[in-house]
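Here the structure is laid out as structure tokens; the discussion comes afterwards.
The values are calculated or read from the model by the stated rules, or taken from the named source; none is laboratory data. The shown structure was predicted, so the numbers you read here are calculated from the model rather than taken from an experiment. Neighbour counts run over all protein chains shown; Cβ positions are idealised from the backbone, glycine included. Quick note on the areas: whole protein, heavy atoms, side chains included, nothing else; ligands and nucleic acids left out. Shrake-Rupley method; radii C 1.70, N 1.55, O 1.52, S 1.80 Å.
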Amino acid sequence: MAAMDYSQVAPWYDSYVKTDIDVPFFVNEAKNRERVLELTSGTGRLSIPLIEAGVSLTCVDNSPDMLAILRQKLAAKGLSANVYEQDMANLTLPEKFDLIIIPFNSFSEIIGLDEQHKALKGIWNCLTETGRFICTLHNPLVRLKSVNGQLFLRGKYSLSNDGGTLFLWSVEEYDRQNSLVKGTQFWELYDSNKVIESKSFVDIQFYLHQQSEFQKLAQSHGFHLIHLYGDYSYAEFQKETSPFMIWVLEKNKY
Ligand SMILES: C[S@@+](CC[C@H](N)C(=O)[O-])C[C@H]1O[C@@H](n2cnc3c(N)ncnc32)[C@H](O)[C@@H]1O
């Protein structure tokens, strides 16, 4: 079961996701690493700055539409990376990496527990013995504060190509029994004359890991914790207030 249909989202993704909050953190973590694997690279919001910083990057994503945009951007900028269309729960890559990252809380987009186990097994297999795995997740306590069943405007975004405007509305509810946030995003596109062009919606869902649950999951696959940061400025994780759980993991030594 997919978290959302990225073929619907891909054409607008770069218009509404413009954050670079995590870029200095990942550039810093990737420097001095020989080979870096970015899982769920999408359209390359983070991949492009990493490659521009000199990182030897392999990108994996399972959305052909998101990857098509990444490939266009790489070509336009004369940059190169290995790009694979693969499910992160079924990785088959020809080499190992000394850093594997999942940015933007995207491990949560694996809905099923079996698939989460398969992903961690695959990541373990793709990591060198001394390599690091950085997995970013929402902090459930903080994330749930904005999950209240109320429709709200997530943002109004200018579309650079044609002078149009995108309004993105969202409603989310928590399915506590299955640890899933489920919701719908509503997309309204207006042309440069402020006349509506189209309306559409996309259903979304993602898994909300508790701290102890993810720790056990990672441990069960032979990872141990090096750091747990609460944000991209390397602040220690605080359960009540940190926006994220940024897990820095390494393989156990036997
Ligand atoms: C929220 S986007 C993040 C994209 C990019 N990392 C960024 O920070 O802008 C999540 C990405 O994860 C990808 N994705 C979701 N589930 C996946 C899976 N099981 N295997 C590979 N990619 C997946 C989607 O196609 C999408 O490109």
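Things to note:
- Mean accessible surface per residue for region 154-254, computed with a 1.4 Å probe while every protein chain stays in place, in Å²: 55 Å²
- Candidates Asp87, Asp61, Asp114, ranked by Gaussian network fluctuation over the chain, Cα under 10 Å, top entry: Asp114
- Among Pro243, Pro64, Pro94: highest mean-square fluctuation, GNM of the chain, C-alpha pairs under 10 Å: Pro94
- Distance from the Cα centroid of region 4-31 to that of region 178-254 is 13 Å (rounded to whole angstrom).
- The alpha-carbon of Lys194 sits under 18 angstrom from the alpha-carbons of these aspartates and glutamates, leaving out residues fewer than 8 places away in its chain: Asp162.
- When the listed pairs Lys31/Lys145; Lys18/Lys73; Lys18/Lys216; Lys118/Lys251; Lys96/Lys121 are checked against a 24 Å cut-off, the alpha-carbon distance exceeds it for Lys31/Lys145; Lys18/Lys216.
- Model label sites at Gln8 and Gln72, defined 7 Å from Cα along the beta-carbon direction, differ in position by 2.1 nm.
- As a length-normalised measure over Cα pairs under 8 Å and 6 or more apart, the relative contact order of region 142-207 settles at 26 percent.
- DSSP loop GluC sites (Glu not before Pro) with at most 10 other Cβ within 10 Å excluded, longest remaining stretch of the chain: 96-239
- Solvent-accessible area, 1.4 Å probe, carbon plus sulfur percent, for region 137-254: 50 percent
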